Amino acid sequence: MPGTVTETLYDAARPVWEAAMDHPFLRELAADSLPLAKFRQYMCQDYVYLIDYSKLFAWAVMKAPKLQWAARFADLLQSTLNHEMNLHRAYAAQFGISVEELETTEPLPVTLAYTKYLLDAAAHGDLAELLAALLPCAWLYWEVGCKLAADNQLTPDSPYRAWVEQYSDPRFGELTAWLRSCLDELAAGLPDWRIDRLRERFVTASRFEYMFWDAAYQGAGWPIS
């Protein structure tokens, strides 16, 4: 019995997700041994990423086939811009990162490539393609958050504990499930060539997620400043 389309996409990206779960950035974060400098770079790049990520929800509002979906995407746009980014600024301050530093962060190559890839899916694809590209960010972070929360290696005063709690929050899991349900509904009955396109978007975005953590861990930057 075939599974849902999102289960098919998950299976296609499984090797990438397994590699991400085993990346030293996450292993060391879980063990409370990740150097703060690596997490600081991640936080700055994640701020830049969030700016373009929020725009995906604006595109989703325009492409949504249902009014209630459009309303939910509009709420996500508002909450990302006016709530999540405020939380990001407050959390970054705990690592000595000022708002000015966040606002003047230059995107690294992987950040620039990833965000422009997402916006390309939003601009040139339908809502199904947009969601296939967007979903790995929410879904993979939910799985990572739940795994790290279950492992429970962090001390109560760990600087990384809030990060794990954010992505293991049941509300984040509910959002992930809702995005999956939207994509499964949109993809029902699509021809194979369309499913292949969704798979390509999903797997590529998953690879970018891995590369995003890797760039922060390796301290990767532009070859010429």
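Please work out if Phe25 is under 14 Å from Leu148 (Cα atoms) and buried (at least 20 other Cβ atoms within 10 Å of the Cβ). The answer is yes for Phe25.
All conditions in (1) touching a residue at least 40 places away in the same chain (Cβ under 8 Å); (2) under 22 Å from Gln166 (Cβ atoms); (3) of a type in the set (A, V, I, L, M, F, W, C) hold for Leu108, with the sole exception of (2).
Within segment 1-22, being modelled with pLDDT of 95 or more, surrounded by fewer than 20 Cβ atoms within 10 Å (Cβ to Cβ) and among the small types (Gly, Ala, Ser) holds for Ala12, Ala19. Among the criteria (1) open to solvent by less than 60 Å² (accessible area, probe 1.4 Å); (2) not in a helix (DSSP H, G or I), the one Thr204 does not fulfil is (2). Inside segment 86-137, residues that are farther than 17 Å from Phe57 by Cβ, among the charged types (D, E, K, R) and surrounded by 14 or more Cβ atoms within 10 Å (Cβ to Cβ) make up a count of 2. Restricting attention to segment 40-60, the residues being buried (at least 18 other Cβ atoms within 10 Å of the Cβ), without any contact (Cβ under 8 Å) to a residue 60 or more places away in the chain and either touching a strand residue (DSSP E or B) at 6+ places or on another chain (Cβ under 8 Å) or more than 19 Å from Leu112 (Cβ to Cβ) (or both) number 1.
For segment 149-163, residues that are closer than 23 Å to Ala93 by Cα and either surrounded by fewer than 14 Cβ atoms within 10 Å (Cβ to Cβ) or touching a residue at least 60 places away in the same chain (Cβ under 8 Å) (or both) total 9. Residues considered: Leu112, Leu119, Leu135, Leu131. Of these, the only one that is more than 28 Å from Asp184 (Cβ to Cβ), assigned to a helix (DSSP H, G or I) and either of a type in the set (Val, Ile, Thr) or out of contact with any strand residue (DSSP E or B) (no Cβ under 8 Å at 6 or more places or on another chain) (or both) is Leu112.
Within segment 142-159, identify whether any single residue is within 17 Å of Leu50 (Cα to Cα), in a helix (DSSP H, G or I) and not charged (D, E, K, R), and answer yes or no. Give the derivation first.
Initially, segment 142-159 is screened for residues within 17 Å of Leu50 (Cα to Cα), giving 142.
In the following step, the residues that additionally are in a helix (DSSP H, G or I) were identified as 142.
Among the residues that remain, those that are also not charged (D, E, K, R) are: 142.
Yes, segment 142-159 contains at least one residue that is within 17 Å of Leu50 (Cα to Cα), in a helix (DSSP H, G or I) and not charged (D, E, K, R).
The values are calculated or read from the model by the stated rules, or taken from the named source; none is laboratory data. Given the structure is predicted, the values throughout are model-derived calculations rather than measurements. No Cβ is skipped: glycine too gets one built from the backbone with ideal geometry, and neighbour counts run over all protein chains shown. SASA here: full protein model, heavy atoms, side chains in, ligands and nucleic acids out. Shrake-Rupley method; radii C 1.70, N 1.55, O 1.52, S 1.80 Å.
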